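Working notes, beginning with the structure itself.
Read-outs throughout are calculated quantities, based only on the coordinates presented, and are distinct from any laboratory measurement. Since the structure is predicted, the reported quantities are computational estimates derived from the model, not experimental observations. With ideal geometry, Cβ positions are generated from the backbone for all residues, glycine too; neighbour counts draw on all protein chains shown.
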Amino acid sequence: MKDEDASALLKKGWEKILEGDFESARRTAKEVLAFFPSEPEALTLLGRALKELGALDEALALFERAAKIEPDYFEAALSAVETHLDYSRDFKEAARIASGIIDSRVKGKEEVEAVSLARIMRADAMLNMGKAEEAMEDLDSISGPMHLRSDYMQLRSRVLFETGRLDEAFIELTDLIEREEGNPENHYALALVHLKRGEEEEAVWEFQRVLELESMAQSPNSSKLSVEEFENLADRVIESLPDELSKKLGNVDIVVQGRPTPELVEDGVDPRAPGFFEQHEIEGGDVKGEVRVILFKDNLESYCRSISELEREIWNTIVREAEYFLGIQDEQPEHGHDRPGIV
C-alpha cells in the first residue's frame, strides 16, 4: 500500500467516525495498520472506533501507543483525555494527560489549537473534581476563535453556575441558544440556572423544550432492549435488592415508559430523570400496599453503553429513589427538578 492510499483510507475512516459507522472505521484502520503497524493516525482512528464500540481499555492503550510513537501528534492524547472525561470518568487522569499537552512546546497553528482544546478539557476535568476556580483559570487563559466554540461556551456557563455567577451564566446560555437553538444541553443548563434563581415557570419551559428536542432526536433503532427485555432486566434488579430494603418496599410493580410525559415535566419531573417512585403511604418505615416504580427506558439507555451498565444504573436508580422515598436518605438525590434526574 502506498502512502497516498493509506492517507485516502484514513480520511475515509474519519468520515465513518463522523457518520457513526464505527465498525467500518475499525475495519479501515485495521487495513492501514496491516501495512503500517506504527502509523499514529491509524492507531488513533482504531482507538476512536473501539472507544465508541465500548472497548475502552483497548482504545486507551492505542492512544497511549500512538502518543509515544509521535508525541507531537496531539490527536491521540486528546482522544485519551476525551475518553477519560466522557466514558471512564477518570478526571484526575484526564487532567494529567491534558497538562502534558498544555506544557508541550507548540509550534504551528494546529498545535496551538490542540493546547486550547486541552485547556478546555482540563477545565472540564477540574470542574468535575470540584475545582471550579481552577477550571475558570484555564478557560480565562484561552483567547481567539476558541471563545466561539460551543463546547467552550457550554463549559464556561457550567463553571459560572457552579461558582454562583448565575447572571453571567444566564447571559452565556441565552447567547448560545440563539446561535444553536436545537441543542438540548443548552436548554437543560438554562433550566438549572432558572431553578437556582427561583424562576420555576421559566425552568419548566426550558425542561419542556429539552423533552421535545431529545424526543425528536432519538433514532427509532437506538433502543438497546425491547420493552419486554427491559422489564425482565428490571425484575432481576428488584430481586437483587438488599433484603432489608426489599422487606420495607414489599411488592414492587415496575412500569416502563420511554421518557417523562409533558404533564409530568409540568408537575416537576426532570425530563432526564431515570425514574421515580409514585407516592404511597408509609407506616412504621414500611410501605403500605404495592409500590409502583416508574422507569424511563429511553433516559436510562441514553446514559449507558452496555447492558451491564444499564443493569447497574437501574439498580442505582431504584436504590437511590427507594432510600429517599422511605426516608433512609434525608436529602433528595441531586440533579432534580422536584424529583431527581441524571445529567
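Summary table below
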quantity: Gaussian network model of the chain, Cα within-10 Å springs - most flexible of Thr44, Thr317, Thr163; calculated: Thr163
quantity: Rounded FRET efficiency, nearest 0.05, which uses the C-beta distance separating Arg305 from Glu231 and R0 of 22 Å; calculated: 0.60
quantity: The stretch 103-252 - Rg over Rh from alpha carbon coordinates, Kirkwood radius; calculated: 1.12
quantity: The stretch 51-175, relative contact order [Cα under 8 Å, separation at least 6], %; calculated: 16 percent
quantity: Distribution of pairwise C-alpha distances over the stretch 3-156, 5 Å bins, in %; calculated: 2, 10, 18, 20, 20, 16, 10, 4, 1, 0
quantity: Whole-percent pair-distance distribution, where bins are 10 Å wide, for the alpha carbons of the stretch 157-217; calculated: 26, 55, 18, 1
quantity: Cα gyration tensor shape of the stretch 56-125, rounded if a/c is under 1.5, else prolate or oblate by comparing a/b with b/c; calculated: oblate
quantity: Only Lys, Arg (+1) and Asp, Glu (-1) charged, at Cβ; the chain dipole about Cα centre in debye; calculated: 1220 debye
quantity: Under DSSP loop assignment and at most 13 Cβ neighbours within 10 Å, longest GluC sites (Glu not before Pro)-free interval of the chain; calculated: 1-179
quantity: The stretch 92-134: Cα Rg divided by the 2.2 N^0.38 Å rule of thumb; calculated: 1.16
quantity: Loop-resident sites, the stretch 47-104, for trypsin sites (Lys or Arg not before Pro), counting at most 14 other Cβ within 10 Å (DSSP); calculated: Arg89
quantity: Convex hull volume per residue in cubic angstrom - Cα atoms of the stretch 227-325; calculated: 94 Å³
quantity: Cα convex hull volume per residue for the chain (Å³); calculated: 156 Å³
quantity: Contact order normalised by residue count of the chain, Cα under 8 Å, 6+ apart, percent; calculated: 8 percent
quantity: Degrees, to the nearest 10: 200-217 long Cα axis against longest axis of the chain; calculated: 60 degrees
quantity: Extended-chain gain in nm, criterion 0.36 nm per residue less alpha-carbon gap, Ile69 and Ser38; calculated: 10.4 nm
quantity: GNM result for the chain, Cα springs below 10 Å: residue of Ala217, Ala123, Ala114 fluctuating most strongly; calculated: Ala217
quantity: Taking the stretch 227-325 and dividing mean pair separation by its residue count, relative contact order in percent (alpha carbons under 8 Å, at least six apart); calculated: 33 percent
quantity: The chain: calculated mean residue ellipticity at 222 nm from DSSP helix runs of at least 4, using -39500 (n - 2.57); calculated: -20000 deg cm²/dmol
